[in-house]
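Quick notes on the structure that follows.
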Amino acid sequence: MSDIKTEFYKQNAAKAIKDPVLQHALFDVQNRLGPATALAYKNLPEGLGLRLKAHEIRQFAINHLDILLETLALKIQDRGGKVYFAKDAAAATAYCLKVAQVNQVKMVVKGKSMVTEEIGLNKILEANQIEVNETDLGEYIIQLAGETPSHIIAPAIHKTRKEVAQLFTQKLGIPYCEDPPVLTQAARKALRKKFLAADMGLSGCNLACAETGHITTVSNEGNIRMSTTMPKIHMAFMGMERVVARLEDHDALFRLLSRGAAAQNMAGYVSYIGGPRTEDQLDGPDQFHLVILDNGRSRILADPEFREVLLCIRCAACLNVCPAYGKIGGHAYGYPYSGPIGAVITPLFVGINRAKDLCCGEPLCGACKMACPVDIDLPRMLLALRAKLADGDPQWGVTRASRSEKFMFQIWSVIIQNRTLYDLALKAGSIIQRIIPKKNDMIPCMPFVFKGWTKSRDIKPLARASFLTRWKNREQKP
Amino acid sequence: MTEFKNQGNTAPHQHEFIMTIQKALGKSSSSDPAQLFGTAPEDHENQLNAYINKSQPHRQALLDLFIEQAGLLNMIVTPVENVSQAGLAIQKFIQQTKPEWGTQKSVIAWHHPLIEQLNLKETLDHDVTLVTTRSSPAPDSKERQEIRTHLIESYIGITSADFCVAGSATLVLRTRPGQPRAVSLVPSIHVAVITIDQIIENLTELYFRLKWDTEEQKLGLTNCMTFISGPSKTGDIELVMVNGAHGPRQMIVYVITG
């Protein structure tokens, strides 16, 4: 399992907001990718409607997941590939370790994969004296720095070129230089040696195709092609939901994935991999393993309220438009999945109470739904999670997050349904607020139980007269 | 590793895993997979004919679109009239370029009819080493190691492609004997030679032809089909676009128009 730090959401968010370098980087990534993706959707020949079609394709696949996975597994086995169904992180990592040990693997190269972050694979391999090399440039940078990804597709976005230059000088022994092409070339040189020497390559899977029996990998750098071509063993990890039925389903989905992830027409490299090297071929891995992972997904599948989140293709478009992510960055979410998608799936994976701040921290503005290439209604699910926190839910093992809050809202619901009581409360409020200190006509600090409301914002005092009263007065005037 | 051994056609833990999914979906048993994958549209033969027999102006328009899209990706497309012109252009290109690692000019090329016709063996300067990836029917580890060594030493890899998708400037390459996938990956420069009739409109056409054309069905997708849209690139340092992360830094496509 990956380290879970969702309990520290508030502290880490506060820290991130105070970090000017991170603020600048987050602004930059959102400012550039958010509008560019929106424009790329608009310029699609089919227009924005393609997202709705893609939603249907993904929904269809999820509804037939059992058959699709069986078909995929069968076809890959027919080509001599090995398929392993892992119910949880422990089973998946144990299988990987076992294959590595049986084949005397000393060094692995890895293409970017969120699901291997989720299962905490690197730590387990390293604990067993297997060298793990992240090869996506962003992942490589954060691995050298001993950090975790802060963005699903741009994992080192929180690092400035200065920091990368210092890191490379220290770790790769190159002369200090802040030029991105020079830094990229240094990583290219260092990692080329690793690609050629590695015994095993690990990758994720963007979207498998059941009909033909292939996984697909997508990258711009070519690191995933290197990892899956040069070493003698290739092992791919896929979340069980990452499959579609038909080949032509990839038409809409790859175009949308490329646009959602990086506002590209098409990602630089897409590979369909369906098995190990055949006897007559000159290259490719001798062994191909596919690990299909549940790790809490079947529980989400079983709940019609949250099943929709399994449609996600992990493009990170929602991160690039989210006002909360744009301020607090990826690390605050305390789990590999950040942003709006993280705020929904992380609680479902690690426990809704444990990760309650994630779903409460999102503003419900709807930007993530608009940016989603498969039109997932994340705001609806954020609300559903909050409802579970408000009332508790035995099915998900959720206990009510705050009794006093519930009590307050019960009182409020009585007041708001009774005009006389409501007017009385307004009157009482306007009297009490006279003695509360103000700053620029705003209340910076509320008393008693209302303190929480003004912890990170000022609120406006109640108006002298309510709208209805003012309206009446206006009508009475000649 | 007995505990991971397959039993018949079922992968380890497949049964419990699939049962869990069926339970979650509220199904009792799986239905027939074939019906999920669709049947050929009634007019698919007409559609295929239209795709395969494009008019000359249509082909030219697709070439123009390909050149335009490739330009956005720093991919150079050079139309040439015939194979010998392509051969000359490649010879000249090799003269003008230097290897990224070391000093020896090594070139590796697919064993492919179109590439044979380039006549590179005769035209290249004698300081250039050219290796063609011709192989025996079942290459042993020694033979494969030799090719791998040449591949790593080569700074230019020459391939052809199955298709070229104009709308996104995407080359589609399938793995075949004598056509290793790493030739388009490990050398610093990827040179591809295709003919104009291999250029297609978009992914819709690609998937349609792969799925319904009986000729394409015979080969299938192979165990490795790769889409390549431009040279390798990264934006991982402050979103600055840099070509040449791990794959080729440069990509050139010669399109034979005659």
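The values are calculated or read from the model by the stated rules, or taken from the named source; none is laboratory data. All figures in this text were calculated on a predicted structure; none of them were measured in a lab. Note that we place each Cβ from the backbone using ideal geometry, even for glycine, and neighbour counts take in every protein chain shown.
For segment B:224-258, enumerate the residues that are more than 29 Å from B:Ile90 (Cβ to Cβ) and buried (at least 22 other Cβ atoms within 10 Å of the Cβ). Answer for segment B:224-258, where residues must be more than 29 Å from B:Ile90 (Cβ to Cβ) and buried (at least 22 other Cβ atoms within 10 Å of the Cβ): B:Gly235, B:Asp236, B:Ile237. Against the conditions (1) away from chain A (no Cβ under 12 Å); (2) surrounded by fewer than 21 Cβ atoms within 10 Å (Cβ to Cβ); (3) touching a residue at least 12 places away in the same chain (Cβ under 8 Å), B:Ile158 satisfies every one except (2).
State whether one or more residues within segment A:189-203 are buried (at least 24 other Cβ atoms within 10 Å of the Cβ), in the same structural domain as A:Phe168 (by TED's automatic domain parsing) and under 21 Å from the mean Cα position of the chain (by Cα). Looking through segment A:189-203, at least one residue is buried (at least 24 other Cβ atoms within 10 Å of the Cβ), in the same structural domain as A:Phe168 (by TED's automatic domain parsing) and under 21 Å from the mean Cα position of the chain (by Cα). Based on this model, can you work out whether B:Leu171 counts as farther than 30 Å from B:Tyr207 by Cα, under 17 Å from the mean Cα position of the chain (by Cα) and buried (at least 22 other Cβ atoms within 10 Å of the Cβ)? So B:Leu171 fails the test.
Screening A:Thr116, A:Thr71 for residues that are more than 10 Å from chain B (Cβ to nearest Cβ), part of a helix (DSSP H, G or I) and polar (S, T, N, Q) leaves exactly one candidate, A:Thr116.
Which residues, counting only those in segment A:314-336, are in contact with a Cys (Cβ under 9 Å, 6 or more places away or on another chain) and in a loop (DSSP other than H, G, I, E, B)? Result: A:Cys315, A:Ala317, A:Cys318, A:Leu319, A:Val321, A:Cys322. Only one entry in B:Arg176, B:Arg249 is facing another protein chain (nearest Cβ under 9 Å), of a type in the set (Lys, Arg) and touching a Ser or Thr at 6+ places or on another chain (Cβ under 6 Å), namely B:Arg249.
With respect to the stated conditions, B:Gly157 fails to be within 17 Å of the chain's Cα centre (by Cα), closer than 29 Å to B:Tyr51 by Cα and among the small types (Gly, Ala, Ser).
Considering the conditions (1) surrounded by fewer than 17 Cβ atoms within 10 Å (Cβ to Cβ); (2) under 30 Å from B:Asn223 (Cα atoms), A:Ile57 is excluded by exactly one of them, (1).
Taking (1) closer than 30 Å to A:Ala92 by Cα; (2) in a helix (DSSP H, G or I) in turn, A:Asn31 satisfies each apart from (1). The set of residues in segment A:81-105 that are within 24 Å of A:Glu70 (Cβ to Cβ), in a loop (DSSP other than H, G, I, E, B) and more than 10 Å from every other protein chain (Cβ to nearest Cβ) contains only A:Asp88.
Per-residue answers, yes or no, for (1) outside any loop (DSSP other than H, G, I, E, B); (2) of a type in the set (A, V, I, L, M, F, W, C); (3) at positive phi:
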residue: B:Lys98; (1), (2), (3): no, no, no
residue: B:Gly102; (1), (2), (3): no, no, yes
residue: B:Leu118; (1), (2), (3): no, yes, no
residue: B:Thr129; (1), (2), (3): yes, no, no
residue: B:Arg134; (1), (2), (3): no, no, no
residue: B:Pro139; (1), (2), (3): no, no, no
residue: B:Ile152; (1), (2), (3): yes, yes, no
residue: B:Gly157; (1), (2), (3): yes, no, no
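Residues in segment B:20-59 that are at pLDDT below 95 and over 22 Å from B:Trp212 (Cα atoms) were compared, and the one that is nearest to the other protein chains (Cβ to nearest Cβ) is B:Ser30. For beta carbons closer than 7 Å, sequence separation of 6+ or different chains, a first residue in segment B:1-26 that is at negative phi and crowded, with 16+ Cβ neighbours inside 10 Å and a second that is at pLDDT below 70 and assigned to a helix (DSSP H, G or I), the qualifying pairs are B:Pro12/B:Phe4. Exactly one residue out of A:Leu97, A:Leu52, A:Leu121, A:Leu72 is within 23 Å of B:Ala11 (Cβ to Cβ), out of contact with any helix residue (DSSP H, G or I) (no Cβ under 9 Å at 6 or more places or on another chain) and modelled with pLDDT of 95 or more: that is A:Leu72. When segment B:87-106 is filtered for residues that are crowded, with 16+ Cβ neighbours inside 10 Å and without any contact (Cβ under 8 Å) to a residue 60 or more places away in the chain, the ones remaining, listed by number, are B:Gly87, B:Gln91, B:Lys105, B:Ser106. Looking across segment B:142-174, the residues that are polar (S, T, N, Q) and either under 21 Å from A:Ser258 (Cβ atoms) or modelled with pLDDT under 95 (or both) come down to B:Ser168, B:Thr170.
Residue-wise test of (1) more than 8 Å from chain A (Cβ to nearest Cβ); (2) at pLDDT 95 or above; (3) closer than 30 Å to A:Ala154 by Cα.
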| site | (1), (2), (3) |
| --- | --- |
| B:Glu201 | yes, yes, no |
| B:Lys211 | no, yes, no |
| B:Gly220 | no, yes, no |
| B:Asn223 | no, yes, yes |
| B:Val240 | no, no, yes |
| B:Tyr254 | yes, yes, no |
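Every residue, every condition in (1) within 20 Å of A:Ile157 (Cβ to Cβ); (2) among the acidic types (Asp, Glu); (3) at the interface with another protein chain (Cβ under 8 Å from one of its Cβ atoms), yes or no:
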{"position": "A:Leu183", "(1), (2), (3)": "yes, no, yes"}
{"position": "A:Ala190", "(1), (2), (3)": "no, no, no"}
{"position": "A:Ser219", "(1), (2), (3)": "yes, no, no"}
{"position": "A:Thr228", "(1), (2), (3)": "no, no, no"}
{"position": "A:Gly239", "(1), (2), (3)": "no, no, no"}
{"position": "A:Ala261", "(1), (2), (3)": "yes, no, no"}
{"position": "A:Ser271", "(1), (2), (3)": "no, no, yes"}
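Taking the condition of being under 30 Å from A:Leu311 (Cβ atoms) and part of a loop (DSSP other than H, G, I, E, B), how many residues in segment A:168-215 meet it? The number of residues fulfilling the criteria is 8. The set of residues in segment A:300-356 that are within 14 Å of another protein chain (Cβ to nearest Cβ), under 22 Å from A:Ser402 (Cβ atoms) and either in contact with an Asp or Glu (Cβ under 7 Å, 6 or more places away or on another chain) or among the charged types (D, E, K, R) (or both) contains only A:Glu305.
Taking the conditions (1) under 28 Å from A:Cys322 (Cβ atoms); (2) surrounded by 12 or more Cβ atoms within 10 Å (Cβ to Cβ) in turn, A:Lys451 satisfies each one other than (2). Filtered by the rule that a residue be closer than 19 Å to A:Ala371 by Cα and out of contact with any Leu (no Cβ under 9 Å at 6 or more places or on another chain), segment A:226-261 gives A:Ser258, A:Gly260. Suppose the filter is at pLDDT below 85 and part of a helix (DSSP H, G or I); does A:Gly452 pass it? When the stated conditions are applied, A:Gly452 passes them.
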